[in-house]
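Visitor: Encoded as structure tokens, here's the structure I'll be asking about.
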Amino acid sequence: IYMAKRSVQNNSVKIILDSLQPHFPQYDLLKKALHQFRERYAYHQWDTLPVSYTDTIAFKQELASRLLLSGDLDSAGMNDDNKIKSIIKKFQLEHHLYPDGVAGKKTVQELNLSKSYRLQQIGANMERWRHFPDSLPARYLLVNLPAYELQLWDKDTLRIDSRIIVGAPKTRTPELNSNITNFIMYPYWRVPMSIVAKEILPAIKRDTSYLRRKNFEVIDRYNNAVDPATINWKKYNKNYFPFVLQQSEGLDNSLGILKFNFMNKYSVYLHDTNARNLFANSYRALSHGCVRVKEWQKLMYYLTKDDTVRNPVDSLQAWMSRKQKRQVNLAHRLPIYIRYFTCDVKDGKLNFYEDIYEEDKKMIQQMYGAE
């Protein structure tokens, strides 16, 4: 009470309140972007479009009207297909959608989000920064799930910026804090029972050659390899499966060449992949929960750059060229934060990302109530 009275007397209430806000650059940038967004669309309100895209004159007119209402298109361009396509392409880039200039389903869904929803979305992401640790270590990894992005920060400098693939909505990648302690070259993959039950066992029952084609070994309870042809697969199900399916190391392995380990109760990790072509996709919520990293090799070298005595670069290269399975323990643990931010500011531009796990809807409901 005494402090409150003194604050009022000294006109320092704002200073005290400001001191309680998060001291992260992104928080300040989002705060500024919130005001800019509100000013930009102060006199704009738009209608929703039909979600199903149809290449008709009526739909094109509705789309042009939507862009006119938001101030993205002027009346002179209402019938200019090329101009409209260019505006849609710009919108798709800002919202990290496939930039084909066509107002397909995902693009229309983003166009249909109202001005008030966008303002609430920015506010929700500012709130997420409020729940971040008060201070960050000098060096850390930040994984942003909706942005499909991994960043390695070292003394406020971005050292690695990598595309990633994250868990599908049905098999989400969890938010967590941990520390990377080691990585394994040419790891084998022991398939979680949830994946065995839902995907692999039904495939085996249809065709036992599935195991050979996918390079799986069947391991019994005594840790012995079993010939799949000797097993009556029809008698097993999700409630009774006394085996472990293990995918041998190598380029055919779903984990790829490298796996980064960190303690967590969800049994997730970072890893390479044998389906690297998927990094080119705009939508990359495709995994069973682990995070696939495009720039895994850069991350490997960065993690060991200060430990050249135990893990010199030429040794790492030799182990990889020999396809040698090896665990490399790190001299210094690397903190990792897996988070869910659906908007951020980069190079002065506000970016929105698809709410892949529909967490924004829940948070906005909690913070603001029904729209």
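Visitor: First check a/c for region 257-327, with a ≥ b ≥ c the square roots of the eigenvalues of its C-alpha gyration tensor; if it is under 1.5, answer rounded, and if not, answer prolate when a/b is larger than b/c or oblate otherwise.
Guide: Details: a/c = 2.20, a/b = 1.63, b/c = 1.35.
In terms of gyration-tensor shape, prolate.
Visitor: Gain in length, residue 55 to residue 176, computed as 0.36 nm per residue apart minus the alpha-carbon separation, to one decimal in nm? List each step's numbers first, then the result.
Guide: Working: separation 121, 0.36 × 121 = 43.56 nm, distance 4.38 nm.
Contour length minus Cα-Cα distance gives 39.2 nm.
Visitor: Starting from the 7 Å offset along Cα-to-Cβ, what nm value, one decimal, do you get for the label separation of residue 208 and residue 317?
Guide: About 4.7 nm separates the two model spin labels.
Visitor: A further question on this structure: What does the C-alpha gyration tensor say about the overall shape of region 217-371? Classify as rounded when a/c is under 1.5, otherwise prolate if a/b is larger than b/c, or oblate. Write out the running numbers ahead of the final one.
Guide: Details: a/c = 2.29, a/b = 1.22, b/c = 1.88.
Since a/c reaches 1.5 but b/c is at least a/b, the shape of region 217-371 is classed as oblate.
Visitor: To continue, here is another question. I'd like the per residue volume of the convex hull spanned by the Cα atoms of region 59-146, given in cubic angstrom. Working shown, then result.
Guide: Working: hull volume 11.1 nm³, N = 88.
Measuring per residue, one finds 126 Å³ for the Cα hull of region 59-146.
Visitor: Further question on the same structure: 7 Å from Cα along Cα→Cβ at both residue 367 and residue 283: what's the point-to-point distance in nm?
Guide: It is 2.6 nm.
Visitor: Let me ask another. If the only charges are +1 at each Lys and Arg Cβ and -1 at each Asp and Glu Cβ, what is the size of the charge dipole of region 21-151 around the Cα centre, to the nearest 20 debye?
Guide: Details: 17 positive and 15 negative charges, 56 e Å.
Once rounded to the nearest 20, the dipole reads 280 debye.
Visitor: With the crude spin-label approximation of a point 7 Å out along Cα→Cβ, what separation in nm comes out for residue 80 versus residue 39?
Guide: Going by the 7 Å Cα→Cβ label model, 2.7 nm.
Visitor: State to the nearest 20 debye the size of the charge dipole of the chain about its Cα centre, where the only charges are +1 on K and R beta carbons and -1 on D and E beta carbons. Don't skip to the end; give the middle numbers.
Guide: Values: 55 positive and 40 negative charges, 215 e Å.
The dipole magnitude comes to about 1040 debye.
Visitor: Then there is this: Accessible surface of residue 343 in the full protein assembly, 1.4 angstrom probe, to the nearest 10 Å²?
Guide: The accessible area of residue 343 comes to roughly 0 Å².
Visitor: Based on DSSP H runs of at least 4 residues, each adding -39500 (n - 2.57), what is the mean residue ellipticity at 222 nm of the chain after dividing by all its residues, to the nearest 500 deg cm²/dmol? Mind dumping the intermediate values first?
Guide: Details: 12 runs with 120 residues, N = 371.
That calculation yields -9500 deg cm²/dmol at 222 nm.
Visitor: Set Lys and Arg Cβ to +1 and Asp and Glu Cβ to -1, take the dipole of the chain about its Cα centre, and tell me which of 86, 316, 287 lies farthest positive.
Guide: 316
Visitor: Can you work out the accessible area per residue across the chain, with the rest of the protein chains kept in place, probe 1.4 Å, in square angstrom?
Guide: Ligands and nucleic acids excluded, the figure is 56 Å² per residue.
Visitor: Please compute the alpha carbon radius of gyration of region 308-367, then divide it by the globular-protein estimate 2.2 N^0.38 Å. Two decimals is fine. Walk me through the numbers before you get to the answer.
Guide: Working: Rg = 20.6 Å, N = 60, 2.2 N^0.38 = 10.4 Å.
So the Cα radius of gyration is 1.98 times the expected 2.2 N^0.38 Å.
Visitor: Between residue 346 and residue 223, what length in nm is gained on full extension when 0.36 nm per residue of separation is reduced by their alpha carbon distance?
Guide: Fully extending the segment from residue 346 to residue 223 adds 39.2 nm.
Visitor: Now for a separate question. Per the 1.4 Å probe, what fraction of the accessible area of the chain, in percent, lies on carbon and sulfur atoms?
Guide: Its accessible area is 50 percent carbon and sulfur atoms.
Visitor: Let me spell out the model: positive unit charges on the Cβ of Lys and Arg, negative unit charges on the Cβ of Asp and Glu, origin at the Cα centre of region 181-295. What dipole size does that give, in debye rounded to 20?
Guide: Numbers: 17 positive and 9 negative charges, 87 e Å.
That gives a dipole near 420 debye.
Visitor: Once phi is turned into θ = phi - 60°, what whole-Hz ³J(HN,Hα) does the Karplus curve with 6.51, -1.76 and 1.60 give for every residue of region 122-131, x standing for Gly and Pro?
Guide: Once θ is set to phi - 60°, the couplings for region 122-131 become 4, x, 5, 6, 4, 5, 4, 5, 5, 8 Hz.
Visitor: Related question: I'd like the accessible area for residue 231: 1.4 Å probe, protein heavy atoms, all chains in place, Å² to the nearest 10.
Guide: Counting only protein heavy atoms, residue 231 exposes about 20 Å² to solvent.
Visitor: Another one. Once phi is turned into ³J(HN,Hα) by the Karplus curve 6.51 cos²θ - 1.76 cosθ + 1.60 with θ = phi - 60°, what whole-Hz value does each residue of region 22-39 show in order, with x for glycine and proline?
Guide: x, 9, 10, x, 5, 4, 5, 5, 5, 4, 5, 5, 4, 5, 5, 5, 4, 5
Visitor: From largest accessible area down, sort 266, 186, 302; use a 1.4 Å probe on the protein chains.
Guide: Numbers: 266 110, 186 10, 302 35 Å².
Per-residue accessible area, sorted high to low, gives 266, 302, 186.
Visitor: Rounded to the nearest angstrom and ordered from largest down, what semi-axes does the equivalent ellipsoid of region 64-216 get from its C-alpha gyration tensor (root of 5λ)? Numbers along the way, then the final one.
Guide: Numbers: eigenvalues 302, 147, 47 Å².
Square roots of five times the eigenvalues give 39, 27, 15 Å.
Visitor: Another question, if that's okay. How much accessible surface does residue 295 have with a 1.4 Å probe, in Å² rounded to 10?
Guide: 50
Visitor: Straight-line reach only, C-alpha to C-alpha below 16 angstrom: list the lysines that residue 32 could link to, leaving out same-chain residues fewer than 8 apart.
Guide: The qualifying lysines are 346, 349.
Visitor: Check the straight Cα-Cα distances from residue 298 and name the aspartates and glutamates below 17 Å, setting aside those fewer than 8 residues away within the same chain.
Guide: Within reach: 149, 154, 161, 272, 306, 307, 314.
Visitor: Taking only the Cα atoms of the chain, how large is their convex hull per residue, in Å³? Don't skip to the end; give the middle numbers.
Guide: Working: hull volume 81.5 nm³, N = 371.
In the chain, the Cα convex hull volume per residue is 220 Å³.
Visitor: Then there is this: Per-residue HN-Hα couplings for region 54-71, Karplus 6.51 cos²θ - 1.76 cosθ + 1.60 at θ = phi - 60°, whole Hz, x for Gly and Pro?
Guide: In residue order, the calculated couplings are 9, 7, 10, 4, 4, 5, 4, 5, 5, 5, 4, 5, 4, 5, 5, 5, 8, x Hz.
Visitor: From Cα pairs below 8 angstrom and at least 6 apart in sequence, can you work out the relative contact order of the chain, rounded to a whole percent? If you can, show how the numbers build up before the last one.
Guide: Values: 554 pairs, mean separation 82.4, N = 371.
The normalised contact order for the chain reaches 22 percent.
The values are calculated or read from the model by the stated rules, or taken from the named source; none is laboratory data. All of these numbers come straight from a predicted model, not from anything done at the bench. All Cβ positions, glycine included, derive from the backbone under ideal geometry; neighbour counts span all protein chains shown. SASA here: full protein model, heavy atoms, side chains in, ligands and nucleic acids out. Shrake-Rupley method; radii C 1.70, N 1.55, O 1.52, S 1.80 Å.
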